[in-house]
Amino acid sequence: MTEAAVHTEYATMDVALKIWRYDSSTGERSLETYEVEAPEWVTLLDVLDIVKDRVDGTLAYRKSCRMMICGSCGMRMDGAAVLACRTRMAPLVERGHVPVISAMGNLPIIKDLVVDMGPFWGKIRAVTPWLDTGYAPLPDREHMVEQEDVTPIHKEALCIMCGCCVSECNSMEADPDFLGPAALAKGFRFVGDPRDHADVDRLNNLNDEHGIWDCTRCYFCNERCPKGVDPRDAIAKLGAESVKQGIDHDMGAKHAKWFVKSAETTGWLRETELVPKTQGIVASIKQMKFAMNLARHGKVPLPFPPHVADRVDESRALRKITQLQDRQGALGHVQGERALARIEHTDPGGARRDAPEVTLGETPPPAEG
Amino acid sequence: MVEAKHDVLVVGAGCAGMRAAIEAFDAGADVAIISKIHPVRSHSGAAEGGINAALGNASDDSPEKHAFDTVKGSDYLGDQDAIEILCNEAPGDVYQLERWGAVFSRTDEGTIAQRPFGAAGAPRTAYAADITGHVLIQVLYEQIMKRDIRVYEEYFAWKLVVDDDRCQGVIAWNILHGGVAAIGAKTTIVCTGGAGRLYVGTTNAYACTGDGMALALRAGVALEDMEMMQFHPTTLSPTGVLITEGTRGEGAYLLNSEGDRFLKRYAPNAMELASRDVISRAEQTEIDEGRGVDGNVLLDLRHLGAEKILERLHGTRELAMVFAGVDPIDQPIPVRPGAHYHMGGVDTDVWGRTSLEALYAAGECACVSVHGANRLGGNALMETITFGKRAGAHAAEWALTHTTVTVPESAQADAEREVKTLLDRTEGERPWAIRDSLAQTMHENFGVFRREDEMQRQGEIIAALQDRYAHVVVDDKGDVFNNDLTQALELGFLLELAECMVMAGLARKESRGAHARPYDYPERDDEEYLKHTIVRRTDSGLMLDWKPVDITKWQPMERTY
């Protein structure tokens with residue numbers, strides 16, 4: 001059933017779009033323009049349906065629920081991934097824009113807007129995506145879990161596996177083996193689950209090559225996710241949790257740890273020590289010439305005497321607060337997210353009015369529940 | 001050539017299909033799933049509100065109370081033996097889902113949270129915010145991955161292989177790469193969901209084209225209570241996108257154009273939490289009598305407050321904003337009844353067995369029957385899990401005690417010839433106008449309220465559409481992702497099911513549950529019609545029959561809310 005086609009009583013508009021057609025059996029590729037009449041409320045998916053019905057039955061795209069939950073209709077509009085069912089056409093028509101529709105990126109195209117999701121699912125499987133309760137005896141009824149303790153994975157549990165984040169992932173473009181935002185978000189869905197007892201194994205695996213530290217933090221995944229999963233935030237939570245649990249065999253983790261250590265000790269980034277602390281002595285010796293050149297041109301300060309900020313006590317106090325309030329690890333990120341959500345939804349003024357006063361250098365208030 | 005042979009082949013990968021596959025695998029069978037869409041794309045994932053089980057986490061509850069509510073909700077057409085099984089096994093099955101990792105919302109004590117739902121005597125609906133179906137689909141697929149169960153993804157099951165009077169697998173079309181494939185199996189479980197695409201305004205996905213029911217019908221298997229199509233009271237205009245009953249469970253109001261909570265005139269006690277058929281009829285009456293708002297009524301959430309809406313009804317808010325341009329924090333949502341759930345389906349016993357040996361059915365495509373003439377919100381997910389499990393267990397046991405699978409070469413050859421005939425045809429009509437016309441007329445003539453003359457006219461319309469369908473032309477002649485072909489085949493399924501529905505609807509000369517005939521037979525008639533309709537295809541066409549309702553302990557009473 002094409003929903004758009006049968007509701008003829010609604011006001012209509014003329015919609016134009018261009019679609020990159022592709023035939024994997026011949027390798028032929030062409031940009032075709034289509035113009036159809038459609039009700040004003042149509043989505044991109046409705047327009048594709050009208051094109052397929054009335055213009056060209058060979059147009060291929062996936063669809064099912066048309067209500068943003070099945071994840072079938074991920075595709076690109078003007079080069080950025082969208083769910084076709086979630087994209088209203090009226091605003092584009094109003095400004096006379098003719099969008100270009102193409103298949104998602106970072107996945108092989110099979111036909112027109114249909115991609116091979118095989119690599120996507122392979123990466124989901126690579127994060128052992130099922131609950132592992134370890135050797136703990138299973139309860140007769142349900143696990144007893146506070147709402148507070150499951151809320152941290154609610155965003156990741158929302159993921160509909162549409163692939164929009166993977167389509168836009170810069171790291172995956174450079175390294176096709178990178179696990180990618182969707183699989184890593186799925187990984188955090190288990191690491192953050194209080195019922196799961198395999199988090200150390202999971203974090204060790206996710207810290208390997210092509211894992212969390214290969215993310216370039218471009219935030220395109222957060223931007224393109226149609227469900228608000230924020231995969232980059234999940235990756236950040238995995239990183240923080242890894243460091244907290246002492247899983248730091250990757251250079252990325254060591255790099256991150258040195259930022260913290262530097263800020264805590266001097267209030268600045270101790271750049272000259274960054275390479276030895278991250279990559280080790282051998283790599284540092286190899287890069288010595290480069291480092292000397294940087295120093296000669298004033299690009300990095302000399303390591304001695306250490307360059308200490310005037311108000312280094314503020315930096316140290318901040319560090320202490322995060323430790324005392326248990327804001328290290330994934331939970332710290334979650335608390336931050338919740339604070340932002342409160343600001344966004346319930347406190348248009350910005351800051352929380354009931355926020356406790358924190359005076360730097362003094363004992364911080366206890367963590368909130 | 002037979003692509004593969006399995007002990008158990010599950011057709012469809014929604015909650016029922018995946019649950020059946022897991023159970024059969026754990027019983028030691030070689031299991032495979034075949035699905036025209038990837039498992040997580042299945043429409044079970046769109047279920048929002050929750051899953052009913054008498055856990056007693058929110059108040060005193062018992063399987064017995066759950067069973068009574070279900071029997072009453074079914075307008076006494078539900079089979080009470082099946083309902084008792086469902087309600088007794090439900091708590092254990094929900095705990096199982098939780099232990100597998102389902103992310104349920106929680107009570108203050110840390111148990112699974114439960115909310116009130118329509119026509120339920122206790123807050124019994126376990127939920128995960130308003131994405132319960134999504135959470136269950138995810139956890140079941142996780143368990144499928146854990147067991148490494150073979151999934152034939154994007155294979156369209158088109159015919160059942162029947163040989164030696166038993167079902168021995170399916171003939172399928174490979175959507176991704178083209179070609180007819182024969183997959184043999186000792187037992188086949190169809191779990192293909194509903195047929196909501198028969199209607200223009202429906203909550204159902206494009207994939208819900210009644211495939212399993214039609215496969216069974218064509219194999220001569222009985223379909224039960226096909227006239228019973230539930231209209232959900234809160235779907236968005238114009239597309240029919242579902243707004244969960246959970247909104248009313250959380251306290252939302254239904255208002256007419258006068259700002260009146262009109263349900264006080266239809267269900268003064270239960271109000272917005274009356275049964276779905278009752279509310280849909282009330283809404284349609286308000287709209288028909290001129291108290292609607294542009295053909296809708298209003299679902300008002302504003303008094304719930306931003307915090308509750310954001311926490312528990314986040315997805316609902318997003319749907320309303322994207323598809324109706326309304327933020328429910330500030331404005332009421334325009335809603336109307338839309339086709340939602342098929343209580344009828346393939347006639348099965350309490351183990352999912354059909355009238356054809358080695359063929360099983362579970363979930364919405366089956367009719368056990370636990371929903372009778374009207375399903376309660378939250379009982380559908382529960383049915384998929386409990387009866388999916390039972391069908392998987394029985395099918396595995398049968399398969400492990402029987403040895404051979406025969407797929408006659410002619411079965412595949414016939415299918416290939418049929419595809420070729422269809423693809424070679426160049427002169428004729430493309431399917432979409434037939435499909436749109438079917439959906440529009442089903443809505444007009446076989447909707448919330450039914451009239452004898454309209455149903456008869458609908459029968460004639462369907463016959464005319466079938467004549468047109470016989471000459472249908474497929475535009476795409478290629479092999480790669482040819483869903484132009486599969487969509488044409490789906491339309492063939494829908495037309496046959498529509499015929500069955502009209503036949504059963506005309507036969508039931510009473511008003512019961514979803515089958516409302518206020519103009520000629522306004523009352524329920526237990527003397528004559530406390531029985532199931534059965535439709536079967538025979539050599540001389542469709543045949544109508546009846547089957548008694550199983551009554552264990554609840555005699556029919558008047559049904560008020």
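Here are a few things to note about the model shown:
- From the list B:Leu97, B:Leu86, the one residue that fits, being closer than 27 Å to B:Thr348 by Cβ and either assigned to a loop (DSSP other than H, G, I, E, B) or within 14 Å of chain A (Cβ to nearest Cβ) (or both), is B:Leu97.
- Restricting the range B:123-163 to residues that are among the acidic types (Asp, Glu) and within 13 Å of chain A (Cβ to nearest Cβ), the residue that is farthest from the chain's Cα centre (by Cα): B:Asp148
- Set A:Asp326, A:Asp310, A:Asp347: member being at pLDDT 50 or above, loosely packed, with under 11 Cβ neighbours inside 10 Å and over 21 Å from the mean Cα position of the chain (by Cα): A:Asp310
- Screening A:Ala84, A:Ala90 for residues that are among the hydrophobic types (A, V, I, L, M, F, W, C), outside the structural domain of A:Cys225 (by TED's automatic domain parsing) and surrounded by fewer than 20 Cβ atoms within 10 Å (Cβ to Cβ) leaves exactly one candidate, A:Ala90.
- The range A:62-100, residues that are under 12 Å from A:Val15 (Cβ atoms), among the aliphatic types (A, V, I, L, M) and part of a loop (DSSP other than H, G, I, E, B): A:Met89, A:Val98
A quick yes/no check of all residues on (1) crowded, with 24+ Cβ neighbours inside 10 Å; (2) within 14 Å of another protein chain (Cβ to nearest Cβ); (3) without any contact (Cβ under 8 Å) to a residue 12 or more places away in the chain:
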| residue | (1), (2), (3) |
| --- | --- |
| B:Thr203 | yes, yes, no |
| B:Tyr206 | yes, yes, yes |
| B:Phe231 | yes, no, no |
| B:Gly246 | yes, no, no |
| B:Gly251 | no, no, no |
| B:Lys264 | no, no, yes |
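- Members of the range B:1-46 found to be over 24 Å from B:Gly315 (Cα atoms) and assigned to a helix (DSSP H, G or I), listed by number: B:Gly17, B:Met18, B:Arg19, B:Ala20, B:Ala21, B:Ile22, B:Glu23, B:Ala24, B:Phe25, B:Asp26
- Residue within the range B:74-92 that is acidic (Asp, Glu), over 23 Å from the mean Cα position of the chain (by Cα) and at pLDDT 95 or above present: no
- Any hit, the range B:103-116, residues being within 18 Å of B:Ser62 (Cα to Cα), more than 19 Å from the chain's Cα centre (by Cα), part of a loop (DSSP other than H, G, I, E, B) and small (Gly, Ala, Ser): yes
- Selection of first residues in the range A:46-68 that are at the interface with chain B (Cβ under 7 Å from one of its Cβ atoms) and closer than 18 Å to A:Arg86 by Cβ and of second residues that are crowded, with 24+ Cβ neighbours inside 10 Å and of a type in the set (S, T, N, Q), restricted to Cβ pairs under 6 Å at least 6 apart or on distinct chains, gives the following pairs, ordered by first then second residue: A:Lys63/A:Ser72; A:Ser64/A:Ser72.
- Among the residues listed as B:Arg450, B:Arg417, B:Arg425, the single one being of a type in the set (Lys, Arg) and within 14 Å of another protein chain (Cβ to nearest Cβ): B:Arg425
- Every residue from the range A:18-61 that is among the polar types (S, T, N, Q), surrounded by fewer than 16 Cβ atoms within 10 Å (Cβ to Cβ) and assigned to a strand (DSSP E or B): A:Ser30, A:Thr33
- B:Glu64 surrounded by fewer than 23 Cβ atoms within 10 Å (Cβ to Cβ) and within 28 Å of B:Thr401 (Cβ to Cβ): no
- Where helices (runs of 4 or more DSSP H) fall wholly inside the range A:236-339, the ranges with 3 or more residues that are more than 30 Å from A:Gly192 (Cα to Cα) and touching a residue at least 40 places away in the same chain (Cβ under 8 Å) are A:312-324.
The values are calculated or read from the model by the stated rules, or taken from the named source; none is laboratory data. Bear in mind that the values here come from a model prediction, so they are computed numbers and not experimental data. All Cβ positions, glycine included, derive from the backbone under ideal geometry; neighbour counts span all protein chains shown.
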